[in-house]
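No value in this document is a laboratory result; all are computed from the given coordinates. Model, not experiment: these values are computed from the prediction. Cβ coordinates were reconstructed from backbone atoms using ideal geometry, including for glycine residues, and neighbour counts include every protein chain displayed.
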Amino acid sequence: LYAPAEGEADRFRENVSLVVEVLPSGRYDADSYVGEAIKMLQGKVTDNRSVVWSGREGRKLVYTQCPALDIVTTNELYVWVINGKAYLLAFSREAGEEGQQAEVGRRIMETFEWR
């Protein structure tokens, strides 16, 4: 889900994404998955901790990176590993002062539930 551009000068559209990845059998839990992800990140981790969301234990990872066009992004990633699948819920925004779209992105993420 991409936010609308805030004008012609807006170089990065905030976004929320959900990815499901099938994992090799028995190799990962949320901690080990996040550990491997951190090794591949080309950015700075500012938060890495356990979380419980709708009764499911997982990890929260916050990091900054510069993926393209010299734009530094702040990324909030939640990871759960359940029955051999990694569920990745992420919110990405341009780093710096949080605006209205950062608030909207977080509100969208809070609507996700486990059933």
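General remarks:
- GluC sites (Glu not before Pro) within segment 7-81: DSSP coil, no more than 13 neighbouring Cβ in 10 Å: Glu8
- Placing +1 on the Cβ of every Lys and Arg and -1 on the Cβ of every Asp and Glu, with no other charges, gives the chain a dipole of roughly 500 debye about its Cα centre.
- Each Cα pair under 8 Å and six or more residues apart adds its sequence gap; the mean of these over the residue count of the chain is a relative contact order of 29 percent.
- Ranking Val62, Val72, Val22 by how far each Cα lies toward the positive end of the dipole of the chain (charges on Cβ) leaves Val22 at the top.
- CD proxy at 222 nm, helix term only [per DSSP H run n ≥ 4: -39500 (n - 2.57); per residue of the chain; nearest 500]: -5500 deg cm²/dmol
- A simple spin-label model places the labels of Ser32 and Val104 4.1 nm from each other, with each point 7 Å out along Cα-to-Cβ.
- Model label zone, Val72; criterion: amide N under 17 Å from point 7 Å along Cα-to-beta-carbon; scope segment 82-115: 92-99
- Pairwise FRET efficiency - Asn83 versus Glu113, Cβ, R0 = 25 Å, nearest 0.05: 0.90
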